[in-house]
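A.B. asks: Below is the structure I would like to discuss, written out as structure tokens.
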Amino acid sequence: MLFMIAGLVMVVAAIAWAVLGVHALLLGRMPGQWLPGLVRQPRLWGAGALLMLVSWNLGSPSLLVVGIGIVALGHVAKPTR
């Protein structure tokens, strides 16, 4: 029963992460009040978030590390405008 609940929480978290990633990648902005202040490059952040989900589905730790790096770059890279 506990594993079932943990699995459901993981699925809900993955769906929320995917929604945030697609929103950031397609619209170029972060939803909410505090996320736009944390992320400087939303499209880069969204691409990294989606790459992290793909790596989880494929079971590839190297893709996960690349996705984490891209998400981190989305936080620290200065906007080009």
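A.B. asks: Go through the stretch 64-79 and give me each residue that's more than 18 Å from Leu20 (Cβ to Cβ) and touching a Leu at 6+ places or on another chain (Cβ under 6 Å).
C.D. replies: Across the stretch 64-79, there are no qualifying residues.
A.B. asks: Please work out which residue is surrounded by the fewest Cβ atoms within 10 Å (Cβ to Cβ), limiting yourself to the stretch 11-34 and to residues that are free of Cβ contacts under 8 Å to residues at least 24 places away in the same chain and in contact with a Leu (Cβ under 8 Å, 6 or more places away or on another chain).
C.D. replies: Result: Pro31.
Values quoted throughout were computed directly from the atomic coordinates according to the rules given, and no laboratory measurement underlies them. All values reported here derive from a predicted model rather than from experimental measurement. A quick note on method: Cβ atoms are made from the backbone with ideal geometry, for glycine too, and the neighbour counts reach across all protein chains shown.
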